[in-house]
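Asks: Submitted below is the structure of interest, expressed as structure tokens.
The values are calculated or read from the model by the stated rules, or taken from the named source; none is laboratory data. As the structure is a prediction and not an experimental result, all values here were calculated from the model. Every residue, glycine as well, gets a Cβ built from its backbone with ideal geometry; the counts of neighbours run over all protein chains shown. Only protein heavy atoms, including side chains, enter the accessible area calculation; ligands, DNA and RNA are left aside. Shrake-Rupley method; radii C 1.70, N 1.55, O 1.52, S 1.80 Å.
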Amino acid sequence: MIGTLGLSIILIGLGAMVIYSSVVVVEESEDKLLFVSGSYKSDLSTGVNIVPPIISDVKEVDTRVREVSVPNITEVSGDGKRLNVKISVYCQVVDSEKLLRTVDNYDEKVWKVTKSEVSTVIAESEAESIRRNQRTVEDEIQKEVENVVSEWGVRVDRIDIMDLSVTERN
């Protein structure tokens, strides 16, 4: 049988676990959302927060600007030349609740949308025009990507064409 001392140690240990699970610290560079029994309750504010123990789930979202590297894209331009493009997308979560409710693994989704938009722009344009008007092309791609990802609570700060090479198509 467990004696009084043993029972006291168990109760103190359980109490410490409950208190520990009730305290959540939120840094300035992140959002933490509180879900209680599976339902969204609120955004937690920066600093120390007390949440209901055991039945709470806290989801963390990094709100800093991040670079999403899009794998190399090879497409044929409107004038039949093969373009190899390397793109970087700089984006930031601006609505954590919307992000968690609408999409998982948003980095992957952002690069897939970007790849699709780059492919469309290349197919509709001439290679030399893309090279001469690179900033305009970046802005056009950014606008189209932003139209999609804004529905997820993500903002695109900028899109950069890091490398662009043109070869004649065989």
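Asks: About its Cα centre, what dipole magnitude does the chain give when the only charges are +1 on Lys and Arg Cβ and -1 on Asp and Glu Cβ, stated in debye to the nearest 20?
Replies: About 300 debye.
Asks: Excluding ligands, DNA and RNA, what is the solvent-accessible area per residue of the range 70-170 at a probe of 1.4 Å, expressed in Å²? Display every interim value, and only then the final one.
Replies: Working: 5340 Å² over 101 residues.
Heavy-atom SASA per residue in the range 70-170 reads 53 Å².
Asks: Hey, what's the Cα Rg ratio for the range 22-115 versus the globular rule of thumb, 2.2 N^0.38 Å?
Replies: 1.51
Asks: Same structure again: Per DSSP helix of 4 or more residues, -39500 (n - 2.57); summed, then divided by the residues of the chain. What does that give at 222 nm, rounded to the nearest 500?
Replies: It lands at -12500 deg cm²/dmol.
Asks: Along Cα→Cβ, 7 Å out, is where each label goes; now give me the distance between the ones at residue 155 and residue 25 in nm to one decimal.
Replies: With each label point 7 Å from Cα toward Cβ, the separation is 2.8 nm.
Asks: Let me ask something else. State the Cα centre-to-centre distance between the range 93-110 and the range 1-46 in whole Å.
Replies: Going from one Cα centre to the other spans 26 Å.
Asks: If you fit an axis through the alpha-carbon atoms of helix 106-124 and take the longest principal axis of the Cα set of the chain, what angle between them do you get, 0 to 90°, nearest 10?
Replies: Orientation of helix 106-124: about 10 degrees from the principal axis.
Asks: Using a probe of 1.4 angstrom, how much of the accessible area of the range 75-166 is carbon and sulfur, in percent?
Replies: With neighbouring chains kept in place, the figure for the range 75-166 is 41 percent.
Asks: A further question follows. Report, to the nearest 10°, how far helix 4-22 tilts away from the longest principal axis of the Cα atoms in the chain, using its own Cα long axis and a range of 0 to 90°.
Replies: 30
Asks: Against the longest principal axis of the chain, how steep is helix 134-149, in degrees 0 to 90 to the nearest 10, with axes from Cα atoms?
Replies: 40
Asks: Turning to a different aspect of this structure: Would you kindly give the portion of the calculated P(r) for the range 110-150 that falls above 17 Å, as a percent of all Cα pairs?
Replies: On the way: 198 of 820 pairs.
It works out to 24 percent of all Cα pairs.
Asks: If exposed means no more than 15 neighbouring beta carbons inside 10 Å and the site is in a DSSP loop, what's the longest run of the chain without any exposed trypsin sites (Lys or Arg not before Pro)?
Replies: Maximal segment without exposed cleavage sites: 65-168.
Asks: Between residue 101 and residue 133, what is the spin-label point distance in nm, taking each point 7 Å from the Cα along the Cα→C-beta axis?
Replies: Going by the 7 Å Cα→Cβ label model, 3.9 nm.
Asks: Ok, one more. Mind listing the Cα extents of the range 48-170 along all three principal axes, in Å, largest one first?
Replies: Between the extreme Cα coordinates on each principal axis of the range 48-170 lie 64, 24, 20 Å.
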